[in-house]
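The values are calculated or read from the model by the stated rules, or taken from the named source; none is laboratory data. Computed from a predicted structure; not experimentally measured. Cβ sites come from the backbone with ideal geometry, for glycine too, and all protein chains shown count toward neighbours. When the accessible area is computed, the model is the full protein with side chains, heavy atoms only, and any ligands, DNA or RNA have been set aside. Shrake-Rupley method; radii C 1.70, N 1.55, O 1.52, S 1.80 Å.
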Amino acid sequence: MSQPLFALPEIEKAFEEYNQQQKIRLYKLACWFTAIGMPAGISLDMNIYPGETAYFLKLRILSSVLVLILFGLFYTKLGARYYQVLCLILPLIPQGAISWMIYTTEGPLSPYYAGLCLILLAFCLLLPWSFQETLALALATLVFYGAACAAHGGVTPHGIFFSNFYFLSMTALFATIGSYFTSRLRVREFTLRYELDQNKRKLEESNQKLIALDEMKSRFFANISHELRTPLTLLISPLETLQKEKAGLLDEESKNIIRIMFSNAMRLLKLINDLLDLVKLESGRIEIKREAIDLGEFVHGLVQSIQTTAKDKRVRLSAKVNESVNRVMADRDKLEKIILNLLFNGLKFTPSGGQVELTAQKVRNQLVIKVRDTGMGISEENLPHIFDRFWQADSNSNRKYQGTGIGLALVKELAEAQGGTVSVESMVSRGTTMTISLPYIDAEDLARPVEKDKADEKTAEPDEWLAGLYRRAELFPTLTPVSATMPLDNYARAKKPKLLLADDEPDMLRFLKSQLEKDYEIIESVDGNQAVAKAKQFLPELMLLDMMMPEKDGIEACREIKANFSTQSIPIILLTARADDETKLAALNAGASDFLTKPFSTTELHTRIKNLVDSHHFQSELARQNQRLESAMEQLKDTEATLVQTEKMSSLGRMSAGMIHEINNPLNYALAALNVLKSMREKWPEAEKAKIDDLLSDMHEGMARVQTIVSDLRGFTHPHGRAVNLIALDEVISIALRFLGHEIDQEVSIKVDIPKGQQVAAEKNNLTHVFINLFQNAVDAMKARKNKSEKGTLSIRSEADGEKVKLWVRDNGIGISPEHMSKIFDPFFTTKDVGEGMGLGLSICYRIMQEQGGKISVKSEPGQYTEFLLELPLKIN
């Protein structure tokens, strides 16, 4: 077994120093125990070896003397240097004395071997020995015992010697093993304690640094706040003068800008005063100045001073002071801060129509002030944190209620500074009750005020003005007026570009509007939801969004606007008080075109807006030009297709006219010859008449088919039909169906839904021709179906639609393939087998419908149906 290793060299060094101190201290103690314990063993000698008592006493006293000499050496330089050697010698003195007793008595039979075991256990387990030291002592003990037995006269009898030596060896073994693990435990314990001490030292150092940093922060806040007060005062005083004395010399825009400056200067002054109060409270330098206060008058005055804010929010504000409350001694300034913070907080979180109530009463020796509201309430998990400095329930950038998290922390610390307490009770959606308990101190009647001389009055005037200014800052409303959250879009729709402004700060909104309304039509919104909705409604040329807004922050609003098709091209500028790269990247990733960091230059604002608006106009004009070009291209394609179709029809017409002329002459000759043959029937042999009749019938049928084709070609080549009249639609359909009576069998059912007496403007014969062609095609398509189990159905229905009639012809036949849909009205296009048609039927239908002032179209699903839609005029043009 080896010595335990240390994690770090410095720990090993520290352990060695610690172990040295412990060894020296414990070995000194062991010297005293040995010096006392050896003579005390005389009682054993008197009972076991009475004859050797005097001799053994001398031997024991000698051992004690040697141990005491060794004890004295620990206090010398030599002993301090070789303390480890002295520690090893110490247990050898009592072991040597006991081994001598074993030698002089019975040797292996002596029971004093147990003394050797006792010394071994005491020194190895109770004292901080290393494994090597314990092993050396154990071996020395066995050697001493073996030598004493051998010197006495040998190791006989063997059984007793073996028994004693066995127990002594086992004791040495257990002591050695125990010392090994004990040593490792000591090292582990020391390492942990050392690391703990080091961490504790580091924490103490960090704590001292934090305390120093906190003190520096407090001093910094105090200094910077104090330094800010001076320029703020120099700003506020001239602004007040301009508002009160020079208002008549200013135009409305200048007055508005001055109001914005004064309002924000007062807000900043209040924030600085609150920070200064926190610093004073933290440093313990705040001074409590109690004075006699008529609490009823004091409370009602405060409530009255903020009634305007409550009325603007449409919240009922009331106060009630119990009659038991008389004049009290309190710090007027700090009590005013507490009450105003609680009242403004209640108004802030209470919706319109709600109530905020302040009550004050005496409860035993406490002044208890409660502020109850019917606002949104506070969740149970947030209640323990509401009085923490700078803590806010909603810290997101899109939180609805803005603030710094100072107000309630200041209330708590001001109350505690006066020996009071603060508590809260709240239920979500039900309201909140803030309770302040302060020591109740009755005020004695005020003595008659001492008149001040004029010098004192002159000195006090500036202080009184500053105190009044600070009090006005406390009373200055920090809540956004309700009217400012509902901007009206009553801008004139002129030719100026539309610009949408979105900011939850009314002053910033008014400032931006005053700077931009000369060049742009301004649309206002006070949160992200309004910005998105108005962008879709008004489609402005540009949007200027604040990064931090309620409902939706600028990033979320930007993403939603860019995701909408109608608003995605609107350029967006984001305003942010954060100048870090992460915020800029987030703005650009959300789709923002640009961003401005507050505070910003109005010149830069104008330039960036103008550039983006101009770019938006160029892009919009380019998109419109592209749209017009695409429309022109579509019209050119349609015209080209029409010209091609017209030329195709014209060429086919000329070709068909020539074919008709060439076919009609031989056809007439053939028909005349056929008639002559029929007139000579009487001269035929009786046996051949039947055969000849069949041949003539076949010839007549073939020539009739040729006549039909020629008739179709004539109709195709002579586009000008007869005059158009009002005809009954059901009558024309009945005629067409009768023509196809021989084609319609039991497998096809006809469904006709035509209003009785419905008329259309058309030429009767041409329209009949159209229906015959459509019905014939439908019957052929139904007979070509592979599934014969389903009966074929031809459906014909119509309805009036304004100045035209729509008529549908639908069959459940094989349908038309998508690749054929664009060709079915082309002349000579057919999908039928050779000899079953020439492909002129639908082409003639198409031409007839155009001549009649109507339209024909088709839709089909292969294997399911085909449906033709005919649109016919109701009146003659």
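Observations
- Some residue of the stretch 794-814 being open to solvent by 90 Å² or more (accessible area, probe 1.4 Å) and touching a His at 6+ places or on another chain (Cβ under 7 Å): no
- Counting only residues that are outside any loop (DSSP other than H, G, I, E, B) and closer than 23 Å to residue 562 by Cα, the stretch 579-605 holds 14 of them.
- Residue within the stretch 661-684 that is among the acidic types (Asp, Glu), assigned to a helix (DSSP H, G or I), at pLDDT 70 or above and more than 60 Å from the chain's Cα centre (by Cα) present: yes
- Here 191, 241 are screened, and the one residue that is modelled with pLDDT under 75, of a type in the set (Val, Ile, Thr) and in a helix (DSSP H, G or I) is 241.
- Selection of the stretch 520-547 for residues being touching a residue at least 60 places away in the same chain (Cβ under 8 Å) and closer than 12 Å to residue 609 by Cα yields 520, 541, 542, 544.
- Criterion violated by residue 310 - all others in (1) in contact with a Lys or Arg (Cβ under 9 Å, 6 or more places away or on another chain); (2) assigned to a helix (DSSP H, G or I); (3) modelled with pLDDT under 80 satisfied: (3)
Residue by residue, here is whether (1) closer than 23 Å to residue 496 by Cβ; (2) free of Cβ contacts under 8 Å to residues at least 40 places away in the same chain; (3) open to solvent by less than 70 Å² (accessible area, probe 1.4 Å) holds:
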{"site": "594", "(1), (2), (3)": "yes, yes, yes"}
{"site": "598", "(1), (2), (3)": "no, yes, yes"}
{"site": "601", "(1), (2), (3)": "yes, yes, yes"}
{"site": "611", "(1), (2), (3)": "yes, yes, no"}
{"site": "617", "(1), (2), (3)": "yes, no, no"}
{"site": "627", "(1), (2), (3)": "no, yes, no"}
{"site": "632", "(1), (2), (3)": "no, yes, yes"}
{"site": "635", "(1), (2), (3)": "no, yes, no"}
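- Candidates are the residues of the stretch 515-549 that are assigned to a helix (DSSP H, G or I) and open to solvent by less than 10 Å² (accessible area, probe 1.4 Å); the one that is nearest to residue 254 (Cα to Cα) is 516.
- Qualifying residue in the stretch 729-748 (condition: in contact with a strand residue (DSSP E or B) (Cβ under 8 Å, 6 or more places away or on another chain), outside any helix (DSSP H, G or I), surrounded by 10 or more Cβ atoms within 10 Å (Cβ to Cβ) and at pLDDT below 75): yes
- Taken over the stretch 43-95, the criterion of being within 20 Å of residue 137 (Cβ to Cβ), polar (S, T, N, Q) and either in contact with a Leu (Cβ under 9 Å, 6 or more places away or on another chain) or not in a helix (DSSP H, G or I) (or both) is satisfied by 95 alone.
- Looking only at residues of the stretch 353-393 that are touching a Phe, Trp or Tyr at 6+ places or on another chain (Cβ under 6 Å) and open to solvent by less than 70 Å² (accessible area, probe 1.4 Å), we find that the one that is farthest from residue 319 (Cα to Cα) is 366.
- Filter result for residue 497 (at pLDDT 85 or above, out of contact with any Lys or Arg (no Cβ under 7 Å at 6 or more places or on another chain) and open to solvent by less than 60 Å² (accessible area, probe 1.4 Å)): yes
- The selection criterion, being surrounded by fewer than 16 Cβ atoms within 10 Å (Cβ to Cβ), among the charged types (D, E, K, R) and closer than 29 Å to residue 702 by Cα, does not hold for residue 859.
- Sole exception among (1) over 27 Å from residue 751 (Cβ atoms); (2) open to solvent by 70 Å² or more (accessible area, probe 1.4 Å); (3) of a type outside the set (A, V, I, L, M); (4) at pLDDT 80 or above for residue 853, by number: (2)
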